[in-house]
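*Asks:* Handing you a structure now.
The values are calculated or read from the model by the stated rules, or taken from the named source; none is laboratory data. Remember, predicted model here, so these are calculated numbers, not experimental data. Neighbour counts are summed over all protein chains in view; Cβ atoms, including those assigned to glycine, are modelled from backbone coordinates with ideal geometry. Note: accessible area is taken over every heavy atom of the protein model, side chains too, but ligands, DNA and RNA are not part of it. Shrake-Rupley method; radii C 1.70, N 1.55, O 1.52, S 1.80 Å.
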Amino acid sequence: MLPAASRLRRRADFTATLRRSRGIRGCGLLVVHVSVHPDSEGPARVGFVVSRAVGPAVTRNLVRRRLRHLVAAALDRLPRGSRVVVRALPASASASFAELDTALTQALDRAVRP
């Protein structure tokens with residue numbers, strides 16, 4: 001599970017992150033937006049957007065739980081002070097855990113690359 005200090009919760013944080021970043025597509029399953037704040041010393045903070053287009057509530061919650069678990073394992077690779085928004089696309093509803101892991105890893109690596 002993600003630590004409380006590593007979660008994006010406010011709408012303003014989501015909006016600011018989306019405006020300051022470009023989206024990196026991960027194998028057609030998700031889009032990762034990363035905004036790095038070099039002056040911030042806090043931990044990396046992550047938020048998730050899983051819309052109704054992904055599926056019914058049970059499916060959306062399953063996708064969100066899987067993504068949360070994968071991001072928690074990848075927190076140490078994110079730069080300090082960065083803000084990340086992971087947006088699930090409809091194809092993520094039928095993706096396996098391994099496929100989501102591959103897509104997220106590739107997208108984060110490309111987004112964080114200098």
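*Asks:* Report the net charge of residues surrounding Leu8, where surrounding means a beta-carbon distance below 9 angstrom and charges are Lys +1, Arg +1, Asp -1, Glu -1.
*Replies:* On the way: positive: Arg7, Arg9, Arg10, Arg45, Arg83; negative: Asp13.
Value of the local net charge: +4.
*Asks:* Using the Kirkwood radius built from alpha carbon pairs, what does the Stokes-Einstein equation give as D for region 52-114 at 25 °C and 0.890 mPa s, in µm² per second?
*Replies:* On the way: Rh = 12.4 Å.
Roughly 198 µm²/s, to the nearest whole number.
*Asks:* If you take every DSSP beta bridge whose two residues both sit in the chain, what share of them, in percent to the nearest 5, is antiparallel?
*Replies:* Within the chain, antiparallel bridges account for around 60 percent of the total.
*Asks:* Take the chain, connect every pair of alpha-carbon atoms lying under 10 Å apart with a spring to form a Gaussian network, then pick out the residue of Ser21, Ser35, Ser96 with the largest mean-square fluctuation.
*Replies:* Among Ser21, Ser35, Ser96, the largest mean-square fluctuation in the Gaussian network model of the chain belongs to Ser96.
*Asks:* Over the chain, with every protein chain in place, what whole percent of the accessible area is carbon and sulfur at 1.4 Å, could you tell me?
*Replies:* On the way: 3330 of 6380 Å².
After summing per-atom areas, the C and S share lands at 52 percent.
*Asks:* Extension gain Arg80-Asp13, at 0.36 nm per residue separation less the Cα-Cα distance, in nm?
*Replies:* Gain on extension, Arg80 to Asp13, equals 22.5 nm.
*Asks:* Around Arg19, with a cut-off of 13 angstrom between Cβ atoms, what is the net charge of the other residues, counting Lys and Arg +1 and Asp and Glu -1?
*Replies:* Net of charged neighbours comes to +3.
*Asks:* For a quick check, take a GNM of the chain with Cα springs below 10 Å and name the residue from Arg66, Arg45, Arg19 with the largest mean-square fluctuation.
*Replies:* Looking only at Arg66, Arg45, Arg19, the largest GNM fluctuation is found for Arg19.
*Asks:* State log₁₀ I(q)/I(0) for the chain at q = 0.19 Å⁻¹ as given by the Debye formula over alpha-carbon point scatterers of equal weight, solvent excluded.
*Replies:* The Cα Debye sum returns log10 ratios of -0.95.
*Asks:* Taking a probe of 1.4 Å, how large is the accessible area per residue of the chain, in Å²?
*Replies:* Result: 56 Å² of accessible area for each residue.
*Asks:* Return the whole-Å distance between the Cα centroid of region 13-33 and the Cα centroid of region 51-75.
*Replies:* 15 Å
*Asks:* Cα axis of helix 11-20 to longest principal axis of the chain: angle in degrees, 0 to 90, nearest 10?
*Replies:* Helix 11-20 sits at roughly 80 degrees to that axis.
*Asks:* Let me ask another. Which angle between 0 and 90 degrees, to the nearest 10, do you get for helix 57-74 versus the longest principal axis of the chain when only C-alpha atoms count?
*Replies:* Helix 57-74 and the main axis of the chain meet at about 40 degrees.
*Asks:* Report the paramagnetic label zone for Arg52: residues of region 88-109 whose backbone N is under 20 Å from a point 7 Å from Cα along the Cα-to-Cβ axis.
*Replies:* Inside the label zone: 88-94.
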